[in-house]
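Structure, as structure tokens:
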Amino acid sequence: MVHENEADVVVVGAGLTGAVFTRELADAGLSVIVLEQGDWPDYSQARADYPDVETTSLPYWQPNPSVRGSAADYPIATDLSEITPNMWNGVGGGTVLYSAKWHRATPSDLRARTMDGVGDDWPIDYAELAPYYDQVERDLAVSGLAGDPAYPPCTPPPNPPMPIREFGRQVAQAHNRLGWHWWPGINAVASRPTGLLSMCRQHGACGKGCPETAKASVDITHWRERSQRVDLRINTVVSRLVIEGGRCAGVECIDPEGSTTVVRGRQVVLAANAVGTARLLLLSGDASGAAAEGVANRSGLVGRRLMLHPNATVAGILADEAGSTAGVWGQQLYSMEFYESDASRGFVRGAKWGLQQGGGPIAVTRAGMYGRGLEKDWGAAFPETLRANLGSAVSWRIQAEDQPDVDNYLELDHDILDPHGLPGVRLHYTADDNAMRCLEWNQERAAESLAEAGATLVKKLPLGPTHSGHAFGTAVMGTDPATSVVNPWGAAHDLPGLTIIDGSIWPTSTAVNPSATLAALALRTARHLLATRRSA
Amino acid sequence: MSVASDQELDDELRYRLYELAELLLPGNETLPSADGAGAVTTLLDETLALRPDLRRQLEGLLGGWDPEQVEASDYLQDLYATRPREFDLVTATLLAAYLRNPSVRTWLNWHGAVGEAQPSEPSAGEALEELLRPVRDRGAIYRPTPPGNHPGLQPSAPTAQESTP
């Protein structure tokens, strides 16, 4: 195949935002070259239907790139970060691994400064995002139930919710007794056949390669069948932006054969997540020697304001077998009872809870999660312990809003190089006190929730170093070039021709899972770009 | 003296693991012990061949334990109390091997995350609505939020067809 090396638009990254953005532009007639550093996911590695799924699925679907160490992964040093970022560098991006929890931001999420005096307001409102949410929910076959009182009225998800299993029912009943909010999980998982997606059969393997192709990862929903105007190039590593005449004119990339090529476009769009995008901006200045602080960085905020979503867990063993080996892995149900801010709790902003299944025999016997004591769990007690835990183990996964802090940042690290000799990154991140107080308080409530549900074991996992698949803030959007990297449409203030569409541009993290807002923002930016071209 | 291939634990470390395994999984009248199931011999080798990363971690962990100085039961107690991740490494590896034994899987009725048949047309249904009634009855819990003042940022959401260049 002869590759043209020029297109209307060059997109870096074939994850969620790159997929949504590219489809919109290609459908409108634009040519798009998409450069993806990794390969297609190999679903022959999906092991859900095998008894050894817990053992054999991990090497391939390992979420921590530093452990996975595939050819597409660049080094990320996390010794100075309390949270390790999980990601998938390949076609589909983070959606290959995500649990597919699907949450819109709430109206107050986008006005944290006005409402609670912390973080920043977003330069857009919920009402503006709503129609974009509607569209991407259709495109990603979202399953759920309309009418959640934690949100303004909105268009129902296109598919009905997944059935609530016994463990979900028991916790829902407990919340009803407590007078607390809960709602059936909304997930980007097809509850009935939709497009290329099959119906979910509740393997609970969303993060280990869905064997049904029921989870809406964009390698399936957006990239498998794509417009002929889209030239998707895999195993192609972008090494720097090409800047000519003060404008971003393209990118320099290393193709699978190791040759360096320049790919040009009238617009260059970065969709490489908040770590990868900031790395590329820093690399682009670093190599020139003229701008060690990177490009598009008059504000000095490229790589700064890193947010990674502090989180916590409360695990429990319900009294009887409750079907918790199966189900949608993401969330059987969720609670936003304590999502909105109430300063009397000792912190501002809030947290979202998602109820997750326990998993298989190895997962439900982990000492840190479900241990009652060595003699109670192992030795002569082991058969009884395993039978009691399997099908009854559950956990509340709690996620707090992260606040931007310029002292949380990433930088290039020239001591750790990727296979092409490009520097990796080092993260500097400490969760703020407000978020930690929020998590601690919510853990207490989540323990009450499981106790009310009749759990015979309730365990608050220690707060501390953890991991997260969510990264934000390293190229923040705003209206003032002195305090932001891109404008509210993702266009770089300081570098014409460059647009950023991933989580880098988020002013705050919200406390919900980000996929819905990532997709909606990418669609909004695509339509704005199209409208701008038309008017020009 | 090691007689192991490069994918297997050497004899000394395998014996250390055996000592732990027999304490953790002693078996009973219906279940074999770890050793009886082959979980520290052939099935362990199969597991570590699939997961060489586990072998490397086990070598690091077990290599740091001197059974002459610390009894196996005390070692397990220490791991459980102070290093749960390392304890989980031992139990996860042993269970992975143990569950490769067909009689253990049959006893547990565990065949993997095999999924289940689902209704062809799922729906919220009356039972769910009844369960949700208290939540709905409480009404909205989101905070009314005034719109921001975003001069010059009027929404523009033309359809793709309208905006073809």
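Readers should treat all values here as calculations from the given coordinates under stated rules, not as data from a laboratory. Nothing here was measured: the structure is a model prediction, and the numbers come from that model. Positions of Cβ are backbone-derived with ideal geometry, glycine not excepted, and every protein chain shown enters the neighbour counts.
In loop segments of segment A:418-514 as defined by DSSP, there are no trypsin sites (Lys or Arg not before Pro) with at most 11 further C-beta atoms inside 10 Å of their C-beta.
Sorted largest first, the spans of the alpha carbon positions of segment A:36-190 along the three principal axes are 44, 40, 32 Å.
Relative intensity of segment A:242-338 on a log10 scale, I(q)/I(0) at q = 0.11, 0.13 Å⁻¹, equals -0.59, -0.67, per a Debye sum over C-alpha point scatterers of equal strength in the absence of solvent. Projecting the Cα atoms of A:ALA367, A:GLY119, A:LEU196 onto the dipole axis of chain A, where Lys and Arg carry +1 and Asp and Glu carry -1 at the beta carbon, places A:LEU196 farthest toward the positive end. Using the Cα coordinates of segment A:364-483, the gyration tensor eigenvalues translate into equivalent-ellipsoid semi-axes of 40, 22, 11 Å, sorted from longest to shortest.
For A:LYS101, list the aspartates and glutamates whose Cα falls under 14 Å from its own Cα; do not include residues on the same chain fewer than 8 positions away. Straight-distance partners of A:LYS101: A:GLU137. Only Lys, Arg, Asp and Glu carry charge here, each on its Cβ (+1 for the first two, -1 for the last two); on that basis the protein assembly as shown has a dipole of about 2040 debye about its Cα centre.
Checked against a 28 Å cut-off, the cross-linked pairs A:LYS215/A:LYS459; A:LYS215/A:LYS460; A:LYS208/A:LYS459; A:LYS208/A:LYS460; A:LYS215/A:LYS352; A:LYS352/A:LYS376 give Cα-Cα distances beyond that limit for A:LYS215/A:LYS459; A:LYS215/A:LYS460; A:LYS352/A:LYS376. Applying the Karplus relation 6.51 cos²θ - 1.76 cosθ + 1.60 with θ = phi - 60° to segment A:97-108 yields 3J(HN,Hα) values of 9, 5, 7, 6, 4, 10, 9, 6, 5, 8, x, 6 Hz, where x marks Gly and Pro. FRET efficiency for the pair B:ALA117 and A:LEU80, taken as 1/(1 + (r/R0)^6) with r the Cβ-Cβ distance and R0 = 41 Å, rounds to 0.25. What is the pair-distance distribution P(r) of segment A:150-202, computed from all Cα-Cα distances in 5 Å bins starting at 0, with each bin given as a whole percent? Using 5 Å bins, I get a P(r) of 4, 16, 22, 19, 18, 14, 4, 2, 0 for segment A:150-202. The sum of -39500 (n - 2.57) across all DSSP H runs of n ≥ 4, divided by the residue count of chain A, sets its helix-only mean residue ellipticity at 222 nm to -7000 deg cm²/dmol. Between A:GLU448 and A:SER227, the FRET efficiency from the beta-carbon distance, with R0 = 60 Å, is close to 0.70. Measuring r between the beta carbons of B:ARG143 and A:GLU6 and using R0 = 51 Å, the FRET efficiency lands at 0.60.
Strictly greater than 20 Å: what percent of every Cα pair in segment A:1-126 meets that?
So the portion of pairs separated by more than 20 Å is 64 percent.
Ranking A:HIS175, A:VAL268, A:CYS253 by how far each Cα lies toward the positive end of the dipole of segment A:158-279 (charges on Cβ) leaves A:HIS175 at the top. Building the convex hull from the alpha-carbon atoms of chain A and averaging its projection over directions returns 23.5 nm². Label zone of A:HIS420 (point 7 Å out along Cα→Cβ, amide N under 11 Å): in segment A:233-276 this covers A:235-241, A:251-263. The modelled label-to-label distance for the pair A:ALA343/A:GLU293, using points 7 Å beyond Cα in the direction of Cβ, is 3.4 nm. In segment A:70-94, whose amide N lies under 20 Å from the spot 7 Å out along Cα-to-Cβ of A:THR430? List them in ranges. Under 20 Å, as judged by backbone N against the label point of A:THR430, lie A:77-85 of segment A:70-94.
In percent, how large is the relative contact order of chain A, given Cα pairs closer than 8 Å and 6 or more residues apart?
After rounding, I find 23 percent.
Modelled spin-label separation between A:ASP413 and B:GLU59, with each label point placed 7 Å from Cα along the Cα-to-Cβ direction: 2.4 nm.
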